[in-house]
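Participant: One structure, as structure tokens, below. Some questions next.
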């Protein structure tokens, strides 16, 4: 699948989820409005028929005549000009400016209709039960409701089917990726093991030759030693990634871990202007493997130091605290350049790196170490700048 197709799929699915039900609901509301208009048209037609009937009956017999004509008639009142029931707001009808007036009063459709009798112009106030039009629209209402619910159900099922298929595809892709990474890990461990012994021999003889060589020859051997050390680090990373850790879990205090982390962190800083700050409750108890936790922390510290541009002053802070009665958190934050948005989703991907050097295995190994001791690792932007890593660990044995 191309990138453009994938992006289009990710964009269109949310739009469909919102748009399709919205279209159905809007269509239903429009149909309901049209049905209400049809009801009004029908009731106005009935009122017009009754008004025509009034002009053919004798004065004083209007009520009896219309009751016989219209069983849905809820009330009738004959209004004379200037009479007790004549209201000022009926003036437009008396003057011919308004043919008739209709409107709903609760469950009643009320109409003021002028008509001519033998005694002159009169206005009839006719009240029709609004249920008179039910035969016309109730079944249509029910059909619209059923159709709308059925459409929403189909849309929901369709969206769920698409979501389920996408989820199954992601799980299958993840499974294939895990199998692929497992094969890479095995191959890496095998290659690293095979490379380690001859590499040690090369390093040993290069060091021995350097001790006995002249200054001119030693200058030629120094690059051999530095590149050998770089290959040694690569081999160690490959072995660490391909070999599953075997934790020895026990409950320790934070103060037992601090000295080792601090000593190695200062060594990693070297001549850089980076300050290491280690804080937290020394009595905080964590259920972990101290050796593996220290290794994971030092990996994060190394990344934090390398994220601070060379020659600039910076700070790497390591702080442990109790998150709850069951969990502790260890934060490693720095004042470096931070994480690019494009790299955020690939931080733990093996062999992915934004640095001009390195294997790209550091964070993948760190997460594996943290998971092996029952913890979780999250990395994101720092509170102000730089990067913030959080290790979440159990405080007691689960």
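The numbers here are math on the coordinates, done by the rules we state, and not lab data. Remember, predicted model here, so these are calculated numbers, not experimental data. As a convention, Cβ positions derive from the backbone with ideal geometry for all residues, glycine included, and neighbour counts pool all protein chains shown.
Participant: What does the highest-first list of 46-57, 25-36 look like by mean Cβ count within 10 Å?
Facilitator: Those peptides, ordered most packed to least, come out 46-57, 25-36.
Participant: Which residue, 285, 80, 371, has the most motion in a Gaussian network model of the chain that connects Cα atoms within less than 10 Å?
Facilitator: 80
Participant: GNM on the chain, C-alpha springs below 10 Å: top fluctuator among 226, 273, 118?
Facilitator: Maximum fluctuation in the GNM of the chain, among the listed residues, is at 118.
Participant: Continuing with this model, one more query. Rank the residues 134, 248 as a footprinting-exposure proxy: fewest other Cβ atoms within 10 Å of their Cβ go first.
Facilitator: Final ranking by Cβ density, sparse to dense: 248, 134.
Participant: Normalised radius of gyration for region 280-354, please: alpha carbon Rg relative to 2.2 N^0.38 Å, two decimal places.
Facilitator: Working it through for region 280-354, the quotient is 1.28.
Participant: Under a plain spin-label model, where a point goes 7 Å from the Cα along Cα-to-Cβ, how far apart in nm are residue 291 and residue 216?
Facilitator: Once both label points are built, they end up 4.8 nm from each other.
Participant: What number does region 263-319 give for Rg over Rh if you use C-alpha atoms and the Kirkwood radius? Write down the numbers at each step before the final one.
Facilitator: Numbers: Rg = 12.4 Å, Rh = 12.3 Å.
Looking at region 263-319, the ratio lands at 1.01.
Participant: Then there is this: Can you pull the one-decimal nm distance between simple spin-label points at residue 250 and residue 262, each 7 Å off the Cα toward Cβ?
Facilitator: Taking the two extended label points, one gets 2.2 nm.
Participant: Give me the angle, in degrees from 0 to 90, between the Cα long axis of helix 254-269 and the longest principal axis of the Cα atoms of the chain, rounded to the nearest 10.
Facilitator: Approximately 70 degrees, to the nearest ten.
Participant: Which of 116, 180, 267 moves most in a GNM of the chain, Cα contacts under 10 Å?
Facilitator: Looking only at 116, 180, 267, the largest GNM fluctuation is found for 116.
Participant: List residues of region 295-319, by number, whose backbone nitrogen lies under 12 Å from a label position 7 Å along Cα→C-beta of residue 273.
Facilitator: 309-315
Participant: Per the Kirkwood formula on distinct C-alpha pairs, the Rh of region 250-394 is how many angstrom?
Facilitator: Working: mean 1/r = 0.0652 Å⁻¹.
Here the Kirkwood hydrodynamic radius works out to 15.3 Å.
Participant: Tell me the label-point distance for the pair residue 337, residue 45, using the 7 Å Cα-to-Cβ offset, in nm and rounded to one decimal.
Facilitator: For residue 337 paired with residue 45, the spin-label model returns 7.8 nm.
Participant: Using only the alpha carbons, work out the radius of gyration and Dmax of region 3-137 in angstrom.
Facilitator: 23.6, 85
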